[in-house]
Amino acid sequence: MIKATANDKPLQDMDEHTKLDLNEVEPFADDENTTDVVLCVEEKRFHLSRGVLMLASPVFREMLNSNGEGTQIEISLPEESYKDFVLFLKCFSPTEYVKLYANKLVSQTSLHVAVYTGQLDVIVNTLGTLKWVSTLDIYGKYFKADGQPFPCPQQIKNTCGFVKTYKNFSIFWIMNAGHMVPKDNGAAGLEMVKRILRITKKQK
């Protein structure tokens with residue numbers, strides 16, 4: 001999960017912070033472990049998973065299974081608009097865009113970006129969250145920052161989570177919680193929110 005809090009602008013202005021210029025980024029880059037087909041739109045190349053495309057769209061299922069195109073590594077789509085095609089891919093590949101937005105929020109805005117993960121989450125597990133954080137531009141400097149445990153006021157003797165912050169980026173590990181942190185460990189979730197607000201106030 002990602003939260004963003006504004007230091008100097010109300011949250012209703014957040015759209016101004018998250019507008020993404022598609023010309024500034026290169027989504028869907030080559031990854032030899034997960035991509036096996038390249039689609040070309042307006043001379044731009046998208047490295048994608050054949051299986052994901054076939055599951056997402058009957059058009060791609062037919063395209064990649066017929067006319068010999070199923071064995072091609074690179075396919076041109078001359079009638080498609082780059083902007084429209086990117087928005088289409090965004091519908092079933094949100095992770096790529098979460099990363100792009102997070103990078104922009106951290107590097108180009110005064111918003112504080114907080115990522116949190118439940119220690120027992122098997123849907124969006126902690127290792128997967130940490131793997132995603134490692135792809136962010138800020139990761140090298142963030143990695144060197146010190147992490148700190150924090151207690152909950154109701155359980156002062158027990159650690160209910162950990163937090164690690166570098167500039168306007170934080171990640172919270174919530175103990176004894178799965179995917180639904182407020183339900184599983186509401187006290188820790190509330191303490192996390194309070195700490196995010198304190199961090200944001202200090203950065204003003």
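The values are calculated or read from the model by the stated rules, or taken from the named source; none is laboratory data. Everything numeric in this text was worked out from a predicted model, so none of it was measured. Because the Cβ atoms are built from the backbone with ideal geometry, glycine has one as well, and the counts that use them run over all protein chains shown.
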Residue 135 passes all but one of the listed conditions (1) in contact with a Lys or Arg (Cβ under 9 Å, 6 or more places away or on another chain); (2) surrounded by fewer than 16 Cβ atoms within 10 Å (Cβ to Cβ); (3) at pLDDT 90 or above; the exception is number (3)
Subset of segment 21-58, residues among the acidic types (Asp, Glu) and modelled with pLDDT under 80, comes to 21, 24, 26, 30, 31, 32
For segment 114-132, what are the residues that are within 12 Å of the chain's Cα centre (by Cα) and either at pLDDT below 90 or among the small types (Gly, Ala, Ser) (or both)? 114, 124, 128, 129, 130, 131, 132
Residues satisfying the stated conditions in segment 77-106, i.e. at pLDDT 75 or above, surrounded by 14 or more Cβ atoms within 10 Å (Cβ to Cβ) and small (Gly, Ala, Ser): 102
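Among the candidates 146, 137, which residue alone is under 19 Å from the mean Cα position of the chain (by Cα) and not aliphatic (A, V, I, L, M)?
137
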Number of the exception - residue 153 against (1) over 20 Å from residue 98 (Cα atoms); (2) out of contact with any strand residue (DSSP E or B) (no Cβ under 9 Å at 6 or more places or on another chain); (3) without any contact (Cβ under 8 Å) to a residue 24 or more places away in the chain: (3)
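Give the residues of segment 169-187 that are aliphatic (A, V, I, L, M), under 14 Å from residue 151 (Cβ atoms) and in contact with a helix residue (DSSP H, G or I) (Cβ under 7 Å, 6 or more places away or on another chain), sorted by residue number. Working first, answer last.
Within segment 169-187, the first condition is being aliphatic (A, V, I, L, M), and the residues that meet it are 171, 174-175, 177, 180-181, 187.
Okay, now just the ones that are also under 14 Å from residue 151 (Cβ atoms), so 174-175, 187.
Once the filter is applied, which keeps residues that are aliphatic (A, V, I, L, M), under 14 Å from residue 151 (Cβ atoms) and in contact with a helix residue (DSSP H, G or I) (Cβ under 7 Å, 6 or more places away or on another chain), segment 169-187 yields 174, 175.
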Going by the structure shown, is residue 143 within 24 Å of residue 182 (Cβ to Cβ) and either in contact (Cβ under 8 Å) with a residue 24 or more places away in the chain or not small (Gly, Ala, Ser) (or both)? no
